[in-house]
1. Under the rule of at least 5 residues apart or a separate chain, name every residue whose amide H is placed under 5 Å from the amide H of G55.
2. Determine, at each q value in 0.17, 0.21, 0.25 (inverse angstroms), the log₁₀ of I(q)/I(0) that the Debye formula gives when each Cα of segment 122-204 is one equal point scatterer.
3. Can you work out ³J(HN,Hα) from phi for every residue in segment 200-207, in order, using Karplus 6.51 cos²θ - 1.76 cosθ + 1.60 and θ = phi - 60°, giving whole Hz and x for Gly and Pro?
4. Can you work out the Karplus-derived ³J(HN,Hα) for every residue in segment 135-151? Use 6.51 cos²θ - 1.76 cosθ + 1.60 with θ = phi - 60°, whole Hz, and x for glycine or proline.
5. Search the structure for amide H atoms under 5 Å from the amide H of D193, placed 1.01 Å from N in the peptide plane, and list their residues when 5 or more places away or on another chain.
6. Residue by residue through segment 27-32, what is 3J(HN,Hα) from phi via Karplus (6.51 cos²θ - 1.76 cosθ + 1.60, θ = phi - 60°)? Round to whole Hz and write x for glycine and proline.
Amino acid sequence: MRTLTYMTAVALLSLVFSGCAEGGPTPSYPFSFNAYADGQPLQGVQIIAAGDPLGTTDETGNLMVTLTGPEGAAVPLTVRCPDGYRSPAGQRPLRLQRFTALVAGTEENAISRQIDCPPSERNAAVVVRASGFADLPVTIRGREVVRTDASGVAHFSTPLAPNGQLRLIIDTSSRPELRPQNPESTIRMPDRDEIFMIDQVLELAEEPRRRRRRSRPASGPALPTRI
């Protein structure tokens with residue numbers, strides 16, 4: 001547990017020194033920070049109070065600190081999540097406030113603050129079904145990522161930022177008889193891991209029908225004209 005004296009503002013400094021001059025001890029306030037990523041404890045989250053680093057969360061996602069200063073003071077709070085996670089913005093200030101223990105003689109409970117650090121990217125699992133047609137490339141931004149198997153199915157996974165879009169194409173250029181040609185699909189990523197199913201209907205183009213030529217009767221000898 002780390003102890004930090006909040007003395008960045010001149011007004012608060014005067015309050016702290018006046019309290020010390022009167023001979024009274026400076027009040028202390030225990031705080032507990034609990035960091036999570038999708039509900040799982042997250043290590044390495046840095047907690048900063050009034051521009052002064054307090055420490056980082058441990059493997060259980062917890063950091064215990066004690067602040068000292070005049071009661072009622074508001075301490076600006078900043079949270080920095082580790083790489084691969086999004087830091088929350090607009091944190092409420094820490095309020096230095098004492099609470100009476102529910103049971104006489106017991107220590108004052110720490111004020112708890114939960115910190116959420118969602119991942120910067122989510123995992124998109126994509127399953128493509130191409131009406132049973134095998135060996136068709138599936139491309140993203142012109143790059144082949146997978147091909148349909150003997151049953152006409154392909155699957156792959158890729159990281160994608162929340163609210164990001166992914167456009168994929170089933171490349172049918174090797175099968176010009178298929179319709180439609182090179183069909184496209186677009187997926188939009190939510191702020192969670194997701195499975196996407198793409199059922200693309202492909203059909204064989206009908207061969208143009210040949211027009212049957214009407215047969216003409218064979219020409220015979222000219223018949224005499226009756227008078």
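Coordinate-derived values only; no laboratory data. None of the values given here were measured: they were computed from a predicted structure.
1. Here I47 satisfy the definition.
2. Result of the Debye calculation: -0.63, -0.91, -1.21.
3. Result, ordered by residue: 9, 7, 10, 9, 7, 5, 6, 6 Hz.
4. 6, 9, x, 10, 10, 10, 6, x, 10, 6, 10, 6, 10, 5, 7, 4, 8
5. Long-range HN contacts for D193: N123.
6. x, 10, 9, x, 10, 10
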